[in-house]
Each structure stands twice: as C-alpha cells, then as structure tokens.
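Below: the structure, in structure tokens.
None of the figures in this text is laboratory data; all of them are computed from the coordinates on show. In this text the structure is predicted, and so the values were computed from the model without any measurement. Because the Cβ atoms are built from the backbone with ideal geometry, glycine has one as well, and the counts that use them run over all protein chains shown.
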There are 2 protein chains.
Amino acid sequence: MIKKQLIILITSLMILTPVKGQKDNPQTITYNAIGYFRTPYTPETRAPRQGILKPDVKARIEILPKYREALQSLELFEYIIVIYHFDKSEGWHPVTRPPVSNPRYTFGLFATRSPNRPNPVGIAAVKLEKIEDGILHISGTDAFDGTPVIDIKPYLPSIDAIDSPQNSLLEKELGLPGKTK
Amino acid sequence: MIKKQLIILITSLMILTPVKGQKDNPQTITYNAIGYFRTPYTPETRAPRQGILKPDVKARIEILPKYREALQSLELFEYIIVIYHFDKSEGWHPVTRPPVSNPRYTFGLFATRSPNRPNPVGIAAVKLEKIEDGILHISGTDAFDGTPVIDIKPYLPSIDAIDSPQNSLLEKELGLPGKTK
C-alpha cells in the first residue's frame, strides 16, 4: 500500500515538474497571469474578429497589485501590445479553414490567427486611453471577459509596424480587409 | 505511514496543479516549446537590440516534427510574428533604465521591451526567406541560439501595422530610431 502511494507520488511529480532547457526534449514554460481583461464579450455573446477593427468598444485590463509599479510611464504610449492566454481555446488541428468563402489556399494553423493553437497565446495591439489605479482603459479588443493577461509592451513603430504589400494581399484570404495605404 | 505519504501526495498535487481562472488567485499558464531558434548569438557574443534593424543577419527556426504540418502556406507570407521565451532572463525590476543617456522619463518595466520581465515572453516580426523540412529561414532577429519558440503567426498589416506618431516620438526615449514615414 505504501509502495503504491509512493509510485503515485513519484509519477505525479514526474508529470508535473517542468523539464529545463533541453533542446531535444520539448521545454515546458510556465507563466503567471499579471492581470485580466474586463470586456463585454463572453463565449455566449461571442466577440468580433480582431478587435482593433472595432475601436469603439471600450474595455479594461486590471493589473494585479504586485505588478502595478511596473506600469510607470506606460500611459505615454498611445498604442500598446497585449499578450494574453486564450483560456477558452479548445485544442488545435494542424490545418484550418479561415472564415472566408472559397479561399485560394489551405492554411496550416501557424499561417492563421486562430485561438485554437498548440500554445493558445494571443497578441493584440490596442489603443490605451488612460491608466487609473492599475486599470488600463483600452479600446479595440476582441478578448473574452476574464481572459488572463501574460504581458504588456509598448508598441514601437520602428520594429512593430511593417509595410508588406504581400502580406496585405494575403490577409484578405484570411478574412481581413487587406490594409492599403 | 500511509497517512504521511497520502499527505505528501495531496500537498504536492495542490502545489503543482494549476489554479483555473480565479480572479484573485493568479492563474498559472503552461506552454511547450514548438521549436528553437538557431542564431549566431549567445550570451557571450551578445545580440543586437531589436534584430529587425539588422536585416542582414540570417538565422533559422527549427520547428519540432509534430508541429510541422501546421506550417502549411506560411511561406506565402513575407513577414511573420514569432513569440518566444527569453530563457536567459534574470528576474525583473518594476522600474528600468532604458539604454539611452539622459532619458526624459522613468519607465516601468511594461513600458519597455526588456527581456527581464515577470513573464519573460518576447515577440518579434521577422522576415521569412523560405521554409525547408520544417526549418524556417529568417532574417532580422536578436534571439540567442537555442531560444525556445512558443508560437508563430502571420504578420497581418490590418491589425498589426499601426501608424502612431506619438509612439514614434517616444521610442527614441527607449533608444530606438523613431520611425518616420
């Protein structure tokens, strides 16, 4: 009986302990939420595709108290990047069908922005309206209410804003407007 | 004796099991590397700040075999977004000093792109040259060799390319050129 318990203990420790930095053993990475989205969207109401295309929708990100000091001067930036965890993600398939009729290409998952990914991590540029008491008031998001936030970064045009006519042409195949200048 | 083992088992399971979606209990998020960077940079050689500003440097991302089917059609895109784990990150401080002399502002960590973050996750837009046998040939990266990759997404100008004169002005304070059209 003791032996059985010990086997369960050791097995559970082996399963749950992250493997460190081996190149041939996939590495396990653990993050903790630094805050949560507060938005009008739930899986029942659904959400728009790519919230930045709906800039009128207001939302908030509540940063947990221990991380609030790190928000200093962030309010100087008009646009920020939010990295978040699609906690409603439902597994993934290698090949997806984008929500556009008669797509010209078959897209592998990594060629799409689907939330159902091997690691369901999302990124979005959002407009920052103001920061009050550790709460970021933003507009233009498609995140569900309660979505855990992993990181916040300033949007830096030198490295983040890329003009790519080829990508603009292609994004129409993924159901986006295809930005033109 | 059995009781003691049971207590150890239950305690270890409690410590190691992620807490799901509680607002007041920070949520633990676990990802697995989908591949690794192969670059000329190590902590000894150091790396340029923001690799996209050094487009001549060639590098690779090796995607693990089980994820390769999901790369289909990605090669159509000229630019992609790579989300990766700063595995050489050394903890974080709430307030940082950007690498520019006489900065006008004090920047909280979330107002910078420092790799030393609560969750050391990095994002970068890189140019995709070609894909061969699950290996992405890219240019313009500042990642160290062996850096674990969490996700790959297409760069979609409609939602990712933002023109913000205010952010362009500010990024000079963070030591970047300050993009102008």
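Of all beta-carbon atoms in chain B, the one sitting closest to the axis that brings chain B onto chain A gives B:Q5, 1, with the distance in whole angstrom. The mean number of partner chain beta-carbon atoms within 10 angstrom of a residue's beta-carbon across peptide B:164-173 is 6.
The packing ranking of peptides B:111-117, B:147-153, highest mean first, is B:147-153, B:111-117, where packing means the average number of other beta carbon atoms within 10 angstrom of each residue. Applying 0.36 nm per residue to the separation of A:E129 and A:R46 and subtracting their alpha-carbon distance, the gain on full extension is 27.5 nm. For A:K3, no aspartates and glutamates have a Cα falling under 15 Å of its own Cα, not counting residues fewer than eight places away in the same chain. Quick one: of A:K58/B:K127; B:K130/B:K153; A:K4/B:K4; A:K66/A:K130, which pairs are farther than 23 Å apart, Cα to Cα? Distance filter (> 23 Å) returns A:K58/B:K127. If you take the Cα centroid of the stretch A:97-152 and the Cα centroid of the stretch B:104-155, the two points sit 17 Å apart.
Peptide A:116-124 has a mean of 6 when you count, residue by residue, the C-beta atoms of other protein chains within 10 Å of its C-beta. Across peptide B:139-148, the mean count of Cβ atoms from other chains lying within 10 Å of each residue's own Cβ comes to 1. Sorted from closest to farthest, the other copies place their A:E69 label points 4.9 nm away, with each point set 7 Å from Cα along Cα→Cβ.
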